[in-house]
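Engineer: Please find one structure pasted underneath; my questions will follow.
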Amino acid sequence: MLCKKKWTPNVPGDHWVLLAKESVIDAPKSKSAESGPVFTRLRSPCTGEAALYLLGSNAGQIYEVKAFNEEYHSWFIGQVVQHDGRLMLVTPMDPLFLVLPYLSKAEQKGKFQPIDQVVKDEDFPCYSSLLQCPRISQSLHHVTEEKEIGSQKFYKYSKDKTMTWLKKKVDQTVSALKKMSISVGGGVQSATFIRNTTSDLTEEDYIRYAHGLVSEYLEENMSHEFLKYLKLPELTSPVAEPPQKKRKVSDTLVTAAEDYTKFNSTEAKEKKPSGKMTSAQKALAKVDKTGMKNISSFFGPKTKSTK
């Protein structure tokens, strides 16, 4: 069962502005292909809430869909005004993250099972389509123990293999961060990927930041276990780690729980006076004001002169 949004041309509210490679939404080239690219709802591996994803043709690739939402924003599409001004961003992701929570939960049974019995969700029947993705069957050995009986394979979650696999993800991320000279320190700077000097950054800074990025696809408990596996102490302040963005679906579209434009918000807090006088104020306080009029007196009503 594939879940997709019905498309009705020239009807306000049925248009999305999508930023993706053309190959993502291309129709299947093979006539034998069962389905083209479709939007589907699945559980976020981080929050467990519904989130929007895009399955490529014949479930060959899975993409996550993020929304850049700005207040009071619309699109002009042809002769139609689209009131939903969100910009949808489609990026590829490793589908193994989507099945990892189900494998981890099934560990409690302590037995080998077929993957279609492990990864199933009554609230999200589209998982049956997700399991058709060849990348999942090709990479399950990274996070599970396998047994093959006849022509059928059985799987059981392996914590050790999973930690090793996640460590490779972190190593790859660290290499990419260094190659792109991205600063991973400084709170807001790290969260918005502002390039800065990296000469004073340590290897731990990179690993901790990479852990934060990978943790956006992990349940909280697994994220903590992975932090211990990396031998990184937990921080009392989350400054060095990128904030984890929870995603959820409203109708059929994903919205970010944290606004990406919060740093440009016009509702800035008013700064309270510090109580300290500037050098100009101190100099003015020493001036002899005897015989001087207050400036407000020049703008008051004129008094009539008496003859």
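Read-outs: derived from the displayed coordinates by stated rules, not from any lab. Here the structure is a predicted model, which is why all the values come from computation and not from measurement. When we count neighbours, we look across all protein chains shown, and the Cβ atoms used for this are built from the backbone with ideal geometry, even at glycine.
Engineer: Among (1) part of a helix (DSSP H, G or I); (2) under 15 Å from the mean Cα position of the chain (by Cα), where does LEU103 come up short?
Structural biologist: Checking LEU103 against (1) part of a helix (DSSP H, G or I); (2) under 15 Å from the mean Cα position of the chain (by Cα), the one that fails is (2).
Engineer: Another one. Would you tally the residues in the stretch 141-183 being more than 23 Å from HIS211 (Cβ to Cβ) and among the polar types (S, T, N, Q)? Write out each step before concluding.
Structural biologist: Keep residues of the stretch 141-183 that are more than 23 Å from HIS211 (Cβ to Cβ), which gives 141, 145-156.
Still in the list and also among the polar types (S, T, N, Q): 151-152.
Counting residues in the stretch 141-183 that are more than 23 Å from HIS211 (Cβ to Cβ) and among the polar types (S, T, N, Q) gives 2.
Engineer: I've got another one for you. Quick check: anything in the stretch 152-175 in contact with a helix residue (DSSP H, G or I) (Cβ under 7 Å, 6 or more places away or on another chain), part of a loop (DSSP other than H, G, I, E, B) and more than 20 Å from GLY48 (Cβ to Cβ)?
Structural biologist: There is no residue in the stretch 152-175 that is in contact with a helix residue (DSSP H, G or I) (Cβ under 7 Å, 6 or more places away or on another chain), part of a loop (DSSP other than H, G, I, E, B) and more than 20 Å from GLY48 (Cβ to Cβ).
Engineer: Now, a different point. Tell me which residues, restricted to the stretch 74-97, are under 21 Å from the mean Cα position of the chain (by Cα), more than 17 Å from VAL24 (Cβ to Cβ) and not small (Gly, Ala, Ser). I'd like the intermediate steps shown before the answer.
Structural biologist: First, the residues of the stretch 74-97 that are under 21 Å from the mean Cα position of the chain (by Cα): 84-97.
Filter once more, so that each one left must be more than 17 Å from VAL24 (Cβ to Cβ): 84-86, 96-97.
Within the stretch 74-97, ASP84, ARG86, LEU96, PHE97 meet the criteria.
Engineer: Another question, then. Select from the stretch 65-99 the residues that are among the small types (Gly, Ala, Ser), surrounded by fewer than 17 Cβ atoms within 10 Å (Cβ to Cβ) and on the phi < 0 side of the Ramachandran plot and list them in ascending order.
Structural biologist: SER74, GLY85
Engineer: Might you let me know whether the stretch 157-165 holds any residue that is closer than 20 Å to PRO92 by Cα and either hydrophobic (A, V, I, L, M, F, W, C) or in contact (Cβ under 8 Å) with a residue 40 or more places away in the chain (or both)?
Structural biologist: yes
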